[in-house]
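Peer 1: Pasting a structure below so you can have a look.
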Amino acid sequence: MKFVDEFRDAELARGLAAAIAREADPARRYHFMEFCGGHTHAISRYGVTDLLPPNVRMIHGPGCPVCVLPIGRIDLAIGLALSRGVILCSYGDTLRVPASEGRSLLKAKAEGADVRMVYSAADALRIARANPDREVVFLAIGFETTTPPTALVLREAHAGQVANFSVLCNHVLTPAAIVNILESPEVRSLGTVPLDGFVGPAHVSTVIGTEPYEFFAQEYRKPVVIAGFEPLDVMQAILMLVRQVNERRSQVENQFSRVVNRAGNLKAQALVAEVFELRREFEWRGLGTVPYSALRIREAFAAHDAERKFSLVYQPVADNKACECGAILRGIKRPVECKLFGGACTPETPMGSCMVSSEGACAAHYSYGRFRDREAVPAPAAAVQP
Amino acid sequence: MSAAARREYHRPLDLRRGRVELAHGAGGRATAQLVEELFLAAFDNEWLRPLNDAASLPMPAGRLVMATDSHVVSPLFFPGGDIGSLSVHGTVNDVAMAGAVPLYLAAGFVLEEGYPLADLKRIVASMAAAAKAAGVPVVTGDTKVVEQGKGDGVYITTTGVGVVPPGISLDGAAAREGDAIFVSGTIGDHGVAIMSKRENLEFQTEILSDSAPLHRLVAALLAACPRIRVLRDPTRGGLATTLNEIARASGVGMLLEESAIPVAPAVAAACEFLGLDPLYVANEGKLIAIAPAADADRVLAALRAHPQGRDAALIGRVTRDPDHFVQMRTGLGGRRVVDWLTGDQLPRIC
């Protein structure tokens, strides 16, 4: 497949792996956090870990949108779908996120709620236009990548006076989450989470550009390499991070220069600014309440803001006590260190949100990498002789 | 049914503009007319013709195999097939995977009130053509009608029986360490064909469902290599899920080689676009074969000698593994688990 296979080439991967192994100083360890779920997925799906030397470890960050969505926000959506009779639309993975009392949007659907999976915000608006006598709510989630499309449908609904369409907005901001991790006592003062640098977001950076990361590099002395979501992108970014650490540099470098520039997509940024404003605070699953870390719909579009329209009141709900999603999202623990992992909590029966999406740290490890948790069985030889 | 008897009906069925009515399933004259003018006309054979409650059939000696499969695919017509042909292929293949020669089919129809008879006629014609091409007659059937809004046009359940020739013993629990794992061709075609139709996606090359009867390929394969241990058609859940089922049943692990697994470029591109993994996408005309390593060359040659196995490939080996992991060496050179399908990647595909 053109323009894809080039970024998954085994020979190039071997070359990059050799360069990382050669340049990584055997006398020290390297801990890099890939912020995005897209990177987590690529690392797990392609087995990138097998190509890294043992002293280079990847920590899965909180950049998986469904993973950071707190229970209380899902509860709001379930309430709308079950008690207010709305058509509730959202992206596939969101429907499986566990909420209060073991519920989820999918289970609400089985109970009779009208919950629909959509591929885009525009689909939800289409459903609203096709059902003028029903209230249609789009449960919007995601980082800066999915925000412009939501802004676009809000503007369109406003202009077209689609009165029965509203958005339950849960859009969150990447830089705020990175600051939260860097400011956490585990990283800042206790030093229990060694963090030598970040593989920076791919798609998010196409929108916000590389400039917002310059602050982290300067203020926190952490190198950032913006990387694409293909496995070779990730490997090249790791090599660039190893070099920065070795040379004691902490800069923002752009591996994903085929798409990302310093300023980002100004048109998308303007669109987002027109429709959304900063929330004073927002609860993240795993990170807790993070100031100025999310967006809400501006007053001008209030008619399409589900929170205002249905007078929704947010009630925070604590995670299951044994669930370690919070510590895992901050890189303090690994999935296998959670008592629930692989037993009570699996992709079929997720207890915590990291087990829901294939971009979540737990689901990615369970689905792709859990054979590494046992040492008893040695790696078999090549399956098929070429 | 004689011409004189057919004249009992005042007017023939309006197969151009008519619609399914509740009376068509009520068991009265309307039901009889639908059966005779639509189903019998299409499926006509000596066992169905008497229209008794049960078909009376001759059976050759041997071990009897029986399989049943309900079809609820949406949309009913998709590139490369429709629910009619699919309902024949699905059950013929289930019977064939036991190593059996499929002999007869039974068909149960659940029709939704209001469904156009013209579309039903197309489905039945396609089903009859598929049965004829496969050489497996539909010998008995049933029709029920549900109220509008309580069905989705047409659901079809087919049941098939077949006979296993002597000397053949296939079992999902029979895979052994060291065995070779084959797939008979490109994976993911059916699911992507359905999905592209459903999402109105258009690609430069139209992706067709691979829906096809596999019993002739199976017969050729077993003739060349009777020691084959496992045959399975990787339908729902795709290659990955079927291999996990076999690994668990046999108490073994597997190691696959990603670069050896055939995927058509258009399917790979569509999966990339839709966020699907072809390993989990349904097939309706492919089989997985597991055979002793010593027979690997013969199996591959036999598969590739048949038009339906042209793109067959050796994709991996059976390993010893107490956890029954299906693992894969990725194209990039790393390793991963190929797990069971979680949830529902694509609902209503067959």
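The values are calculated or read from the model by the stated rules, or taken from the named source; none is laboratory data. Owing to the predicted nature of the structure, the values given are computational and were not obtained by experimental measurement. Neighbour counts run over all protein chains shown; Cβ positions are idealised from the backbone, glycine included. These area figures cover heavy atoms from the full protein model, side chains too; ligands, DNA and RNA do not enter into them. Shrake-Rupley method; radii C 1.70, N 1.55, O 1.52, S 1.80 Å.
Peer 1: Quick check for you: with a 1.4 Å probe and neighbouring chains kept, what is the accessible area per residue of segment A:94-140, in Å²?
Peer 2: On the way: 2220 Å² over 47 residues.
On a per-residue basis, segment A:94-140 sits at 47 Å².
Peer 1: Now for a separate question. If you keep only loop residues by DSSP, which GluC sites (Glu not before Pro) in segment A:75-176 have at most 16 other Cβ atoms within 10 Å of their Cβ? Numbers along the way, then the final one.
Peer 2: Working: sites: A:GLU101, A:GLU111, A:GLU135, A:GLU144, A:GLU156; in loops: A:GLU111, A:GLU135, A:GLU144.
The qualifying sites are A:GLU111.
Peer 1: In the calculated pair distance distribution of segment B:180-337, what percentage of Cα-Cα distances lie above 25 Å?
Peer 2: On the way: 3447 of 12403 pairs.
I get 28 percent for the Cα pairs in segment B:180-337 exceeding 25 Å.
Peer 1: What's the magnitude of the charge dipole for chain A around its Cα centre, counting Lys and Arg as +1 and Asp and Glu as -1 at the beta-carbon? Answer in Debye, nearest 20. Could the numbers behind the result be given before it?
Peer 2: Numbers: 43 positive and 42 negative charges, 53 e Å.
That gives chain A a dipole magnitude of about 260 debye.
Peer 1: Follow-up. Given Cβ point charges of +1 (Lys, Arg) and -1 (Asp, Glu) and nothing else, what value in debye, to the nearest 20, does the dipole of the protein assembly as shown about its Cα centre take? Each step should come with its number before you reach the end.
Peer 2: Values: 76 positive and 81 negative charges, 66 e Å.
Dipole about the Cα centre, nearest 20: 320 debye.
Peer 1: OK, next. I need the calculated FRET efficiency for the pair B:PHE77 and B:GLN148, taking r as the beta carbon distance and R₀ as 30 Å, to the nearest 0.05. Walk me through the numbers before you get to the answer.
Peer 2: On the way: r = 20 Å, r/R0 = 0.66.
After rounding to 0.05, the efficiency reads 0.90.
Peer 1: Then there's this: Ignoring ligands, DNA and RNA, what percent of the 1.4 Å accessible area of the protein assembly as shown is carbon and sulfur?
Peer 2: Details: 15890 of 30740 Å².
Answer for the protein assembly as shown is 52 percent, counting heavy atoms of protein chains only.
Peer 1: For a quick size check, give me the Cα extents of the protein assembly as shown along its three principal axes, largest first, whole Å.
Peer 2: Dimensions of the protein assembly as shown along the principal axes of its Cα atoms: 93, 66, 46 Å.
Peer 1: Going by amide H atoms built from the backbone, whose H comes under 5 Å of the H on A:GLU281, apart from near neighbours?
Peer 2: Amide H to amide H, under 5 Å and 5 or more residues apart or across chains, A:GLU281 pairs with A:TYR292.
Peer 1: Let me ask something additional. Quick one: which bits of segment B:306-349 get at least 40 Å² less accessible when the partner protein chains are in, versus the chain alone, with a 1.4 Å probe?
Peer 2: Residues passing the criterion (a loss of at least 40 Å², heavy atoms only) are B:PHE325, B:LEU332, B:ARG335, B:ARG336, B:VAL337, B:ASP339, B:THR342.
Peer 1: Would you work out which of A:ALA108, A:ASN131, A:LEU182 lies farthest towards the positive end of the dipole of segment A:94-186, given +1 charges on the beta-carbon of Lys and Arg and -1 on that of Asp and Glu, about the Cα centre?
Peer 2: Result: A:ASN131, furthest along the dipole toward the positive end.
Peer 1: Using modelled backbone amide H atoms (1.01 Å from N, in-plane), which distant-in-sequence or interchain residues come within less than 5 Å of A:ARG116's amide H?
Peer 2: The answer is A:LEU88, A:CYS89, A:SER90.
Peer 1: Also: So, counting K/R as plus one and D/E as minus one, what does the shell of residues with Cβ under 10 Å around A:TYR314 add up to?
Peer 2: Local charge sum for A:TYR314: -2.
Peer 1: Given a 1.4 Å probe, how much area per residue of segment B:174-223 is accessible, in Å²?
Peer 2: Numbers: 1960 Å² over 50 residues.
Heavy-atom accessible area per residue stands at 39 Å².
Peer 1: Quick check for me: using +1 on Lys/Arg Cβ and -1 on Asp/Glu Cβ, what's the dipole size of segment B:3-164 about its Cα centre, in debye to the nearest 20?
Peer 2: Roughly 340 debye for segment B:3-164.
Peer 1: Rg (Å, one decimal) plus Dmax (Å, integer) for the alpha carbons of segment B:60-159?
Peer 2: 13.8, 46
Peer 1: Rounded to two decimal places and with Rh computed the Kirkwood way over Cα pairs, what is Rg over Rh for segment A:325-367? Walk me through the intermediate numbers first.
Peer 2: Working: Rg = 8.8 Å, Rh = 9.7 Å.
With Rg and the Kirkwood Rh in hand, the quotient comes to 0.90.
Peer 1: So, one more: Please report the net charge: other residues with Cβ closer than 15 Å to the Cβ of A:ALA122, K and R +1, D and E -1. Present the calculation step by step, with values, prior to reporting the outcome.
Peer 2: Working: positive: A:ARG116, A:ARG126, A:ARG129, A:ARG155; negative: A:ASP123, A:GLU156, B:GLU199.
Summing Lys/Arg as +1 and Asp/Glu as -1 gives +1.
Peer 1: Excluding B:HIS215 itself, calculate the net charge of residues whose Cβ lies under 12 Å from the Cβ of B:HIS215, where each Lys or Arg counts +1 and each Asp or Glu counts -1. List each step's numbers first, then the result.
Peer 2: Values: positive: B:ARG216; negative: B:ASP94, B:ASP233.
Once all neighbours under 12 Å are counted, the net charge is -1.
Peer 1: Can you give the FRET efficiency to the nearest 0.05 for B:LEU22 and B:ALA129, using r as the Cβ-Cβ distance and R₀ = 51 Å? Let's see the in-between values first.
Peer 2: Working: r = 29 Å, r/R0 = 0.57.
Once rounded, the FRET efficiency stands at 0.95.
Peer 1: Then there's this: Each label point is 7 Å from the Cα along the Cα-to-Cβ direction; what then is the distance between the points at B:PHE273 and A:GLU281, in nm?
Peer 2: So the label points at B:PHE273 and A:GLU281 sit 4.6 nm apart.
Peer 1: Further question on the same structure: Please check which bits of segment B:307-350 a label hung off B:GLU245 would reach, taking the label as a point 7 Å along Cα-to-C-beta and the cut-off as backbone N under 12 Å.
Peer 2: Answer for segment B:307-350: B:341.
Peer 1: Taking accessible area as the heavy-atom solvent-accessible surface of the protein chains with a 1.4 Å probe, which residues of segment B:222-261 lose no less than 40 Å² upon going from the isolated chain to the full protein assembly?
Peer 2: Listed by number, the residues meeting the 40 Å² cut-off are B:LEU255, B:GLU257.
Peer 1: Then there is this: Toward the positive end of the charge dipole of segment B:270-347, about the Cα centre and with charges on Cβ (Lys, Arg +1; Asp, Glu -1), which of B:GLY316, B:ALA293, B:THR330 goes farthest?
Peer 2: Result: B:ALA293.
Peer 1: Looking at chain B from every direction and averaging, what is the projected area of its Cα convex hull in nm²?
Peer 2: Working: hull surface 74.6 nm².
Answer in nm², one decimal: 18.6.
Peer 1: Where does helix B:83-96 land angle-wise versus the long Cα axis of chain B, in degrees 0 to 90, nearest 10?
Peer 2: 50 degrees
Peer 1: Can you tell me the orientation of helix B:189-198 relative to chain B, as the angle in degrees between its alpha-carbon axis and the longest Cα principal axis, to the nearest 10?
Peer 2: 50 degrees
Peer 1: Segment B:16-86: which trypsin sites (Lys or Arg not before Pro) are DSSP loop and have at most 15 other beta-carbon atoms within 10 angstrom? Write out the running numbers ahead of the final one.
Peer 2: Values: sites: B:ARG16, B:ARG17, B:ARG19, B:ARG29, B:ARG63; in loops: B:ARG16, B:ARG17.
Answer by residue number: B:ARG16, B:ARG17.
Peer 1: With heavy atoms of protein chains only and a 1.4 Å probe, what residues of segment A:1-15 have at least 40 Å² less accessible area in the full set of chains than alone?
Peer 2: Relative to the lone chain, where solvent access is computed with a 1.4 Å probe, segment A:1-15 loses at least 40 Å² at A:MET1, A:ARG8.
Peer 1: Rounded to the nearest 100 Å², what is the buried accessible area between A and B, both sides summed, probe 1.4 Å? It would help to have the intermediate numbers written out before the result.
Peer 2: On the way: alone 17540 and 15940 Å², together 30740 Å².
Chains A and B together bury approximately 2700 Å².
Peer 1: Where in segment B:234-249 does the amide nitrogen come within less than 15 Å of the point 7 Å from the Cα of B:ALA173, taken along Cα to Cβ?
Peer 2: B:245-249
Peer 1: Still on this structure, please answer the following. Under the rule of -39500 (n - 2.57) per DSSP H run of 4 or more residues, summed and divided by the residues of chain B, what mean residue ellipticity at 222 nm is obtained, to the nearest 500 deg cm²/dmol? Numbers along the way, then the final one.
Peer 2: Numbers: 9 runs with 95 residues, N = 350.
Value at 222 nm, helices only: -8000 deg cm²/dmol.
Peer 1: Still on this structure: Would you list the membrane-span-like helices of chain A, meaning whole DSSP H runs whose alpha-carbon atoms span at least 15 Å along their axis and whose mean Kyte-Doolittle value is at least -1.0?
Peer 2: In chain A, the long hydrophobic H runs are A:10-23, A:71-83, A:147-159, A:231-246.
Peer 1: Cross-link candidates for A:LYS309: which lysines have Cα within less than 27 Å, leaving aside residues fewer than 8 places away along the same chain?
Peer 2: Leaving aside lysines fewer than 8 places away in the same chain, those within reach of A:LYS309 are A:LYS107, A:LYS109.
Peer 1: Report the FRET efficiency, 1/(1 + (r/R0)^6), for B:SER56 and A:ARG372, where r is their Cβ-Cβ distance and R0 is 60 Å, rounded to 0.05. Each step should come with its number before you reach the end.
Peer 2: Working: r = 60 Å, r/R0 = 0.99.
With a Förster radius of 60 Å, E is 0.50.
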